[in-house]
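Take a look at the structure set out below.
The values are calculated or read from the model by the stated rules, or taken from the named source; none is laboratory data. Not measured: the values here are computed from a predicted model. All Cβ positions, glycine included, derive from the backbone under ideal geometry; neighbour counts span all protein chains shown. Calculation scope for accessible area: heavy atoms of the full protein, side chains included, ligands and nucleic acids excluded. Shrake-Rupley method; radii C 1.70, N 1.55, O 1.52, S 1.80 Å.
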Amino acid sequence: MGKLQEKIYNSLPFPFKFLLLNVKAYQNNRQRYTKEFDQYLKEYFGLWNADNKVIKKYQEERLILLLSEALEYSDWYTKIMNELGVTKEEIIRDPYVVLNKMPILRKVDRKSNPDSIANKKRNTDGVGYTSGTSGAPTINYLDSESIHRSFALWRRFHKTIGLETKRVKQVRFSGRLIVRPDAKKPPFWVYNYFENQLLMSTYHLKEENLKHYIKKLNRFKPILLDGYPSAVYIISRYINENNVKLDFTPKAIAVTAETLYDYQRLEIQKAFNCHVFNQYASSEGSPFITECVEGNLHLNEDSGVFEFINTKGEKAKPGEVSQLVVTSFTNLKTPLIRYNIEDTVLLADEDKTCNCGCAMPIIEKLTGREDDILWTKEKGYVGRMDTAYKGLKGIIKSQIVQESPREIVVNVIPNEEFNVAMQDMLLNNLKDRLGQDIDYQINIVEDIALGPNGKFDAVKRNFSIEL
């Protein structure tokens, strides 16, 4: 929805919210699911189980198209390529050589120059905004092919984990304000008829409301739960701690937009008795990374080119945490060429093959945004702090905030099992991972505010480091 539509929507009584949301859903369906969508979906189905030669040939063809259009129709890239002496003939001859010549596109440049980056050849068939962790909106222009291809890739992911490709009965947890933020009683959800999708609010997941969420889930009986892992985790923890009986078992849970931590995965799988599938994409048009039925994270190389840069600015080695630099085929209207999307991944220790049938490369983990990486003088760069909670009891929710290289604040929402011994164990775990010569402050709080778009930031760093 646009800003004016959202303002009108938020002021409406619930029945009118349902009506307005479904009018928008009907428009989206007509725009997304067309003959072109079906064509791209078929194309991507064939590529999922294709051999490496087929995938590489396809990737090369898409890269030639992307670079050629950028050279000719994007003011931003035309200037850069002309300065580098790049020609159309060189792109066709070896697009990867041209790609390696290109400078890395930074977030600040992407945010500040959307109109000059945009591809003038392609129509603007959709406009979106992404807020990211800063809360400052980034405009995102889309053409119809970009919309169709993105949704086709998303539906392929569903197909690869055993779901149908259209109208899967699903519950979605995202940061959309679908009901009033100050609502004290249900419904905390709105039904999207055209997608057979129940949109559940992430802003009302308080202890006193969780029984209402679970009652609605039992009545709705979704085949898929989709969205922020922190939201699904809160409900899962309540189910497990209170021995709640569910009247359904979903076929899959697919999480995105936040880092999925190991403890969250275990809690969610225990509560819903089904596998949690991780996935990575972005509303800006990043290439896809999706988890398969064997539990491996595959780089969807037919959606773009992935580069991995370590903290020294060099090509990352196996087993290293690295920055993700992407060249995307999923947004041709707003080209992203060697874009530092400010997310990080952990590379596998060695090349892996997968028994699922997909030959595309595998990474070890999606580790989060650059802001999730902490830095101390003693330990250097530190990612994935979820291991600091291993063996602890009594923590409902917590957040680690690094204010400076020598100052760590931990906000903890406890229950009755959290005592002095647990707090001391948490402090020792933090010292082991981040260092001894740091001022640690553990705050007992009643609530932890969500970040932009309703996401929960389990780890935050509030100062800049050179990555």
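In the range 313-324, how many are surrounded by fewer than 18 Cβ atoms within 10 Å (Cβ to Cβ), within 17 Å of N100 (Cβ to Cβ) and not small (G, A, S)?
Going through the range 313-324 one residue at a time, the tally reaches 2.
Could you tell me whether E258 is within 15 Å of I396 (Cα to Cα) and at pLDDT below 95?
Criteria not met by E258.
With the requirement that a residue be outside any loop (DSSP other than H, G, I, E, B), of a type in the set (A, V, I, L, M) and under 21 Å from N22 (Cβ atoms), what does the range 173-211 give you?
V190, L198, L199, M200
Tell me, please, whether a residue that is in a helix (DSSP H, G or I) and of a type outside the set (A, V, I, L, M) can be found in the range 407-425.
Yes, there is a match, as at least one residue in the range 407-425 is in a helix (DSSP H, G or I) and of a type outside the set (A, V, I, L, M).
Of everything in the range 160-193 that's over 19 Å from the mean Cα position of the chain (by Cα) and closer than 30 Å to E294 by Cβ, which residue is most open to solvent (accessible area, probe 1.4 Å)?
By that ranking, first place goes to E164.
Among the residues that make up the range 227-236, is at least one of them surrounded by fewer than 20 Cβ atoms within 10 Å (Cβ to Cβ) and either in contact with a His (Cβ under 8 Å, 6 or more places away or on another chain) or of a type in the set (S, T, Y) (or both)?
Within the range 227-236, not a single residue is surrounded by fewer than 20 Cβ atoms within 10 Å (Cβ to Cβ) and either in contact with a His (Cβ under 8 Å, 6 or more places away or on another chain) or of a type in the set (S, T, Y) (or both).
Can you pull out every residue in the range 87-129 that is among the aliphatic types (A, V, I, L, M), over 17 Å from N340 (Cα atoms) and assigned to a helix (DSSP H, G or I)?
Result: I91, I92, V97, V98.
Whether any residue in the range 416-433 is closer than 22 Å to G368 by Cβ and touching a residue at least 60 places away in the same chain (Cβ under 8 Å) is what I want to check.
no
Given the conditions (1) out of contact with any helix residue (DSSP H, G or I) (no Cβ under 6 Å at 6 or more places or on another chain); (2) touching a residue at least 60 places away in the same chain (Cβ under 8 Å), report the number of the one that Y77 does not fulfil.
Single failed check for Y77: (1).
Which pairs turn up if I take residues in the range 93-105 that are without any contact (Cβ under 8 Å) to a residue 24 or more places away in the chain and look for partners that are among the aliphatic types (A, V, I, L, M) with beta carbon separation below 7 Å, at least 6 apart in sequence or on another chain?
K101/L84; K101/V86
Among N355, N331, N300, N310, which is the only one that is in contact (Cβ under 8 Å) with a residue 40 or more places away in the chain, surrounded by fewer than 18 Cβ atoms within 10 Å (Cβ to Cβ) and among the polar types (S, T, N, Q)?
N355
Applying the selection to the range 185-211, what residues are in contact with an Asp or Glu (Cβ under 9 Å, 6 or more places away or on another chain) and either at pLDDT below 90 or within 18 Å of I234 (Cβ to Cβ) (or both)?
Across the range 185-211, the qualifying residue is only K206.
Look through the range 24-37, keep the residues that are open to solvent by 70 Å² or more (accessible area, probe 1.4 Å) and more than 21 Å from S328 (Cβ to Cβ), and return whichever of them is modelled with the lowest pLDDT.
Top of the filtered list is Y26.
Whether any residue in the range 212-228 is of a type in the set (D, E, K, R), at pLDDT 90 or above and in a loop (DSSP other than H, G, I, E, B) is what I want to check.
First pass over the range 212-228, keeping only residues of a type in the set (D, E, K, R): 215-216, 219, 221, 226.
Adding the requirement that they be at pLDDT 90 or above leaves 215-216, 219, 221, 226.
Checking which are in a loop (DSSP other than H, G, I, E, B) leaves us with 221.
Yes, because at least one residue in the range 212-228 is of a type in the set (D, E, K, R), at pLDDT 90 or above and in a loop (DSSP other than H, G, I, E, B).
Filter the range 172-196 for residues that are touching a residue at least 40 places away in the same chain (Cβ under 8 Å) and either among the polar types (S, T, N, Q) or at positive phi (or both) and give the result. Don't jump to the end; show me each part of the working.
Of the range 172-196, the ones touching a residue at least 40 places away in the same chain (Cβ under 8 Å) are 172-180, 187, 190-195.
Matches in the range 172-196: S174, N192.
Step by step: first the residues of the range 46-86, then only those that are among the β-branched types (V, I, T) and in a helix (DSSP H, G or I), then the one that is least open to solvent (accessible area, probe 1.4 Å). Which residue is that?
Keep residues of the range 46-86 that are among the β-branched types (V, I, T), which gives 54-55, 64, 78, 80, 86.
This time we only want the ones that are in a helix (DSSP H, G or I), so: 54-55, 64, 78, 80.
On the way: V54: 71, I55: 1, I64: 39, T78: 34, I80: 32 Å².
So, considering only residues that are among the β-branched types (V, I, T) and in a helix (DSSP H, G or I), the one least open to solvent (accessible area, probe 1.4 Å) is I55.
Does E378 meet the test of being touching a residue at least 24 places away in the same chain (Cβ under 8 Å), in contact with a Pro (Cβ under 6 Å, 6 or more places away or on another chain) and assigned to a loop (DSSP other than H, G, I, E, B)?
No, not satisfied.
Yes/no per residue for (1) under 25 Å from L65 (Cβ atoms); (2) in contact with a strand residue (DSSP E or B) (Cβ under 9 Å, 6 or more places away or on another chain); (3) modelled with pLDDT of 95 or more:
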position	(1), (2), (3)
T124	yes, yes, no
T138	yes, yes, no
L153	yes, yes, yes
R180	no, no, no
